[in-house]
Amino acid sequence: MTNQEYFHSMLPKEEFERIPYLPTMGQFVDWFTKEFADMPALSDTVNTITYKELGERVARRRAFINGLGLPKGAHIAIWDRNSQDAIELFLAVTSAGYVAMNFPAQLPEMAVIGSCMKFDIAAIFVREEFMPLTAKLQGVKVLPAASMADTQAPVAEIDPESPAAIFFTGGTTGQPKGAVLSHRALMRGNYNAIFKPGKVIGVHRYIAILPLSHVFGLIAGTMGCFYTGNLIYTCEDMKATIGKLPMLKPTVLVIVPGICDILSGLVKMYGPQFLGGNLRMIISGAANVPPRLVDIFTKLGVEFCFGYGLTETANLTSANADAVRKPTSIGRIYPGQETKLVDGELWVKGDNVFSGYYKDPVRTAEALTEDGWLRTGDLCRFDDEGFLYITGRIKNLIVLSNGENVSPESLEEPFYADPCVRDAMVKEDELNGNQVIAVEILPFMPAFDGKPWEEVEAYMNALVKKINATLPTTHQIVKVTVRTEDFKRTGSMKVARV
């Protein structure tokens with residue numbers, strides 16, 4: 001089976017034929033607001049609007065934006081939580097021919113100022129509670145996130161190769177990079193998000209849990225919902241929204257593994273009904289997915305899918321709809337991409353690949369070859385069925401005293417396969433003046449059911465001994481730390497390698 005057959009066969013033929021690939025956000029917004037006009041589109045749990053009403057509201061926001069007198073292609077930031085305003089603004093900015101940039105809600109004042117300067121932000125739409133933090137902004141139009149005109153404006157004529165959005169990548173403090181996605185790239189990511197097993201048009205309820213500033217949350221969690229005529233609930237407070245799952249009754253959740261862990265704990269505490277009774281599928285990504293999570297939710301009757309992607313590939317590069325059979329694979333490559341392994345590193349080429357880092361030619365040249373190949377930085381392998389596996393990250397390689405390279409991710413994999421491990425991080429460390437390979441392990445405490453800490457430590461040390469027995473002497477783990485506190489995590493809840 002080819003990659004194209006793998007993905008296209010997921011959807012019923014009549015639904016697949018109904019959903020076109022559209023190369024610009026303007027065409028996309030025009031299409032879905034008419035195609036699904038009378039279907040519910042967006043809800044804050046109190047008020048629900050249809051796709052027709054969403055289209056009208058986005059058109060009024062376009063009219064307001066056009067009235068600012070900015071040149072087409074100007075950069076417009078959106079600083080809000082996952083609100084109706086934020087979703088409508090992103091659709092309006094991009095479909096009006098401007099370049100959108102979603103700022104993380106937690107961005108501090110000085111980082112906002114620095115980001116506006118670095119990314120040439122001409123205007124910023126701001127949530128009311130964040131307004132005091134914009135007082136020192138200069139040369140930028142600061143506007144309320146609720147802004148819209150009384151009249152409507154049509155979508156703009158847009159070149160598919162022109163920039164649609166800029167996404168933070170590599171951190172949001174210090175010197176963040178801004179990955180520029182063209183309309184064609186962003187829309188390829190949006191289109192890839194439609195591929196899920198079973199019917200997809202108008203049958204699902206989503207929740208916009210992941211930040212819209214994160215490419216996974218925006219594309220897989222929101223734009224994929226609109227592409228298939230489904231209903232999405234806004235999420236201005238993640239903790240409060242998770243508590244409402246029994247009421248919201250989602251059918252699909254697009255979340256990171258850290259949130260999956262939280263949900264598995266809540267299910268153990270309150271029972272499966274906590275998930276609302278209608279959950280059919282979890283789509284997880286942005287971090288390593290332990291096989292135990294696949295097992296937990298599969299036993300609850302929830303299909304578990306996950307994959308792999310980068311901000312630089314419009315999020316979706318591969319996906320695995322066979323998680324039970326291939327729990328450690330990140331799946332098959334989405335159609336429309338070329339891939340190759342160069343010295344073990346995955347290179348990707350296709351219309352989903354980003355245009356470069358904004359005003360950063362040096363790092364752009366490091367990532368992109370002259371003929372358009374993206375060097376992902378990930379060490380990978382394919383199996384004989386075409387499923388992809390990550391074996392490491394080039395920048396994380398540990399260089400042994402004999403000059404050999406060791407991938408910490410490859411050493412971490414057997415830890416994640418153990419149901420008593422929540423997270424693990426392998427790194428280089430020092431012991432008695434010597435450089436050694438070390439591991440920090442965060443136990444999955446529900447698996448120990450109240451047993452004393454000494455037994456937890458003993459289990460983990462025995463696990464390290466078991467894993468070491470499968471490794472060459474030079475690769476064995478010498479220093480073990482069993483953590484009582486969580487790791488420091490990134491915005492997407494990955495373990496931060498510090």
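Observations
- Degrees, to the nearest 10: 51-66 long Cα axis against longest axis of the chain: 70 degrees
- Sequence of K136, K326, K395, K141 when ordered by accessible area, the most exposed leading, probe 1.4 angstrom: K395, K136, K141, K326
- Kirkwood-Stokes translational diffusion coefficient of the chain, alpha-carbon pairs, 10 °C, 1.306 mPa s, µm²/s: 67 µm²/s
- For the chain, the relative contact order works out to 11 percent when only alpha carbon pairs closer than 8 Å and six or more residues apart are counted.
- Degrees, to the nearest 10: 453-468 long Cα axis against longest axis of the chain: 80 degrees
- For the chain, accessible area per residue (1.4 Å probe, heavy atoms of protein chains only), Å²: 42 Å²
- Taking D371, D120 and ordering them by how much accessible surface each has at a 1.4 Å probe, largest first, produces D371, D120.
- Shown for the chain: the carbon plus sulfur share of the solvent-accessible area, taken with all protein chains present and a 1.4 angstrom probe, equals 52%.
- Calculated diffusion of segment 168-291, Stokes-Einstein form, Kirkwood radius summed over Cα pairs, 20 °C and 1.002 mPa s, µm²/s: 139 µm²/s
- The lysines within cross-link reach of K141, meaning a Cα-to-Cα straight distance under 17 Å and a gap of 8 or more places when in the same chain, are K72, K118.
- Percentage, to the nearest whole number, of Cα pairs in segment 118-181 over 19 Å apart: 56 percent
- When the convex hull of its Cα atoms is projected in every direction, mean area for segment 141-228 (nm²): 8.6 nm²
- One compactness figure for segment 361-479 is 1.31, namely its Cα radius of gyration divided by 2.2 N^0.38 Å.
- Taken one residue at a time, the phi angles of segment 308-325 give Karplus couplings (6.51, -1.76, 1.60, θ = phi - 60°) of 8, x, 10, 4, 6, 10, 6, 6, 9, 9, 9, 8, 10, 9, 10, 5, 5, 7 Hz. Gly and Pro are set to x.
- Surface/4 of the Cα convex hull for segment 242-323, nm²: 5.2 nm²
- With only Cα atoms counted, segment 1-86 has Rg and Dmax values of 16.9, 52 Å.
- Binned Cα-Cα distances of segment 97-136, short to long, each 5 Å bin given as a whole percent: 5, 21, 39, 25, 8, 2
- For segment 377-444, the equivalent ellipsoid built from the Cα gyration tensor has semi-axes of 23, 19, 8 Å, listed from largest to smallest.
- Sequence-distant residues sharing a close amide H with R280 (under 5 Å, placed H): V252
- For the chain, share of DSSP beta bridges that run antiparallel, in % to the nearest 5: 60 percent
- In the context of the full protein assembly, Y334 retains an accessible surface of approximately 10 Å², using a probe radius of 1.4 Å and ignoring ligands and nucleic acids.
- Against the empirical 2.2 N^0.38 Å (N residues), segment 79-160 has a Cα radius of gyration ratio of 1.11.
- Filter on K326/K349; K13/K268; K177/K427; K249/K340; K244/K494 - keep pairs with C-alpha separation over 30 Å: K13/K268; K249/K340
- Solvent-accessible surface (1.4 angstrom probe) belonging to T376, in square angstrom, nearest 10: 10 Å²
The values are calculated or read from the model by the stated rules, or taken from the named source; none is laboratory data. In this text, all values refer to a predicted model and were calculated from it rather than measured experimentally. Ligands, DNA and RNA are excluded from the accessible area calculation, which covers all protein heavy atoms including side chains. Shrake-Rupley method; radii C 1.70, N 1.55, O 1.52, S 1.80 Å.
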